Amino acid sequence: MDLKLKGKTAFISGSTAGIGFATAKALAKEGANIIINGRSKNSVTDAVKRLEKEVPSGLVSGVEADFSYKKEVDNLLKKLPEVDILINNVGIYKSQSFFETTDDDWQQQIEVNVMSGVSLSRYFLPKMLKQNWGRILFISSECATLVPEDLIAYSTSKAAMLALSRGLAQLTKGSGVTVNAIVPGSTLTEGAEEFLKMTAEKEGKSKDLVSADFFKKVRTSSLLQRFASVDEVANTIAYYTSPLSAATNGAVIKVDGGSIGGIL
Ligand SMILES: NC(=O)c1ccc[n+]([C@@H]2O[C@H](COP(=O)([O-])OP(=O)(O)OC[C@H]3O[C@@H](n4cnc5c(N)ncnc54)[C@H](OP(=O)(O)O)[C@@H]3O)[C@@H](O)[C@H]2O)c1
């Protein structure tokens with residue numbers, strides 16, 4: 001399927017690895033111009049090189065900015081060109097008890113997960129409305145509704161992204177711009193691979209067994225009963241950046257392997 005993304009420019013926050021990098025790859029294959037982002041010049045340069053190698057026809061650039069720091073976000077906005085597609089992907093979490101989660105922990109997760117999307121959308125949405133075309137996607141999480149008890153701050157930030165996404169969609173009425181939220185479930189990123197490897201070593205089990213145990217004991221509601229690959233999530237994201245997805249706006253799209261449940 002041709003997603004008709006040739007010539008469109010996409011900025012993906014937090015895209016040197018994981019779902020963000022896989023999305024960059026999917027969009028580059030479709031002919032979009034990609035702007036990668038991460039916290040350091042080195043990681044960004046390295047990711048740009050990797051993407052250029054994987055998609056030799058791709059037009060890829062990169063810009064470093066740490067979304068924990070407002071000043072870096074302000075500088076980033078000065079550097080970015082106009083974009084047609086904004087993917088608010090950057091997200092951090094800290095697994096800890098609610099009672100041990102400090103104000104700083106809360107603020108950092110809200111700053112990176114929510115305020116990054118607020119700043120970028122406030123800057124780009126008016127431009128998209130002016131050109132009467134644009135796509136904004138917020139990468140939320142199944143945790144927004146599952147709310148694991150060791151991830152209350154993260155889950156709160158991911159639920160906030162859903163309200164933000166819906167609110168911004170309402171500002172696009174009658175235009176060619178759409179704003180949607182994508183809700184991934186447990187996904188096999190480099191970070192998840194590392195976690196499985198470490199747990200396997202610690203418990204003297206195979207990685208496959210640790211992974212199967214996770215779905216048997218922790219993410220029991222998953223219908224998929226395995227981690228989604230980053231490409232499976234990225235393919236869905238790519239579709240919702242496409243002109244082909246014009247009739248979907250203000251929606252929450254689940255790529256959660258069925259973990260959230262419900263018929264809508
Ligand atoms: N993985 C999952 O199972 C899962 C499930 C549901 C939802 N999600 C959501 O999907 C999104 C992507 O998750 P992921 O697991 O693919 O992420 P990840 O692998 O942890 O992503 C790491 C990326 O984020 C960048 N990054 C981290 N902190 C940053 C900051 N302060 N400023 C700028 N960039 C930063 C890293 O860049 P550098 O290291 O180069 O600085 C790297 O590119 C997140 O919003 C996450 O909440 C993930």
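Would you look at the GNM of the chain, springs on alpha carbons closer than 10 Å, and say which of Ala159, Ala192, Ala47 moves the most?
Evaluated over the chain, the most mobile residue of the options is Ala192.
Assuming a ≥ b ≥ c are the square roots of the Cα gyration tensor eigenvalues, decide whether segment 36-91 counts as rounded (a/c under 1.5), prolate (otherwise, with a/b larger than b/c) or oblate. Let's see the in-between values first.
Numbers: a/c = 2.10, a/b = 1.53, b/c = 1.37.
Prolate, because a/c is 1.5 or more and a/b exceeds b/c.
Could you tell me which of Pro126, Ser140, Ser97 has its Cα farthest along the dipole of segment 62-148 towards the positive end, charges placed at Cβ (Lys, Arg +1; Asp, Glu -1), taken about the Cα centre?
Most positive-ward Cα: Pro126.
Given the options Asn235, Asn180, Asn89, state which has the largest fluctuation in a GNM of the chain using a 10 Å cut-off (strictly under) for Cα springs.
For the chain, modelled as a Gaussian network with Cα springs under 10 Å, the answer is Asn235.
Treating cross-link reach as a plain straight distance, find the aspartates and glutamates whose alpha-carbon is under 15 Å from the alpha-carbon of Lys6, omitting any fewer than eight places away in the same chain.
Glu30, Asp84
Give the cross-link partners of Lys254 among the lysines, using a straight C-alpha distance below 20 Å as the criterion and excluding same-chain residues fewer than 8 apart.
Cα-Cα hits under 20 Å: Lys158.
Could you tell me how many degrees, from 0 to 90 and to the nearest 10, lie between the Cα long axis of helix 152-170 and the main elongation axis, the longest principal axis, of the Cα atoms of the chain?
With rounding to tens, the tilt is 30 degrees.
For helix 190-203, report the angle its Cα long axis makes with the longest principal axis of the Cα atoms of the chain; keep it between 0 and 90° and round to the nearest 10°.
Value to nearest ten degrees: 10.
May I have the extent of the alpha carbons of segment 121-264 along their three principal axes, as whole Å values ordered from largest to smallest?
Dimensions of segment 121-264 along the principal axes of its Cα atoms: 58, 30, 27 Å.
Once both labels are modelled 7 Å past Cα along the beta-carbon direction, what's the Ser61-Asp213 spacing in nm?
4.8 nm
Label point 7 Å out from Phe98 along Cα-to-Cβ: which residues of segment 249-264 have amide N under 16 Å?
From segment 249-264, the list is empty.
May I ask for the angle, rounded to the nearest 10°, between helix 230-240 and the longest principal axis of the chain, with both axes built from Cα atoms and the value confined to 0 to 90°?
Between helix and principal axis, roughly 30 degrees.
Count neighbours as other Cβ atoms within 10 Å of each site's Cβ, and list the trypsin sites (Lys or Arg not before Pro) in segment 97-140 that are DSSP loop with at most 12 such neighbours.
Numbers: sites: Arg122, Lys127, Lys130, Arg135; in loops: none.
Hits after loop and neighbour filter: nothing returned.
So if I take the centroid of the Cα atoms in segment 1-54 and the same for segment 179-236, what is the distance between those two points in Å?
If you average the Cα positions of each part, the centres end up 23 Å apart.
Just add up the charged neighbours of Val179: K/R +1, D/E -1, any other residue whose Cβ is under 13 Å from the Cβ of Val179. Please list the in-between numbers first.
Values: positive: Arg122, Arg135, Arg166, Lys173; negative: none.
Charge balance near Val179 sits at +4.
Using the crude model of +1 on Lys and Arg Cβ and -1 on Asp and Glu Cβ, and no other charge, please compute the dipole size for the chain relative to its Cα centre, in debye to 20. If you can, show how the numbers build up before the last one.
Working: 31 positive and 29 negative charges, 178 e Å.
I would put it at about 860 debye.
Of the listed pairs Lys53/Lys197; Lys29/Lys216; Lys29/Lys202, which have alpha-carbon separations greater than 31 Å here? Write out the running numbers ahead of the final one.
Working: Lys53/Lys197 27 Å; Lys29/Lys216 36 Å; Lys29/Lys202 39 Å.
Going by Cα-Cα distance, Lys29/Lys216; Lys29/Lys202 fall outside the 31 Å limit.
Shape call for the chain from the C-alpha gyration tensor, a ≥ b ≥ c root eigenvalues: rounded (a/c under 1.5), prolate (a/b greater than b/c) or oblate?
Values: a/c = 1.45, a/b = 1.38, b/c = 1.05.
Judged from the Cα gyration tensor, the chain comes out rounded (a/c under 1.5).
How long is the gain from Lys53 to Leu224 if the chain were fully straight, where each residue apart is worth 0.36 nm and the alpha carbon distance is subtracted? Display every interim value, and only then the final one.
Values: separation 171, 0.36 × 171 = 61.56 nm, distance 3.18 nm.
Between Lys53 and Leu224, full extension yields 58.4 nm more.
Below 8 Å between Cα atoms, with a sequence gap of 6+, how large is the relative contact order for segment 34-159 in percent? Numbers along the way, then the final one.
Numbers: 162 pairs, mean separation 31.0, N = 126.
25 percent.
Read-outs throughout are calculated quantities, based only on the coordinates presented, and are distinct from any laboratory measurement. If you're wondering where the values come from, they're calculated on a predicted model, not measured in any experiment. Ideal geometry is used to build each Cβ from the backbone, glycine not excepted, and the neighbour counts take in all protein chains shown.
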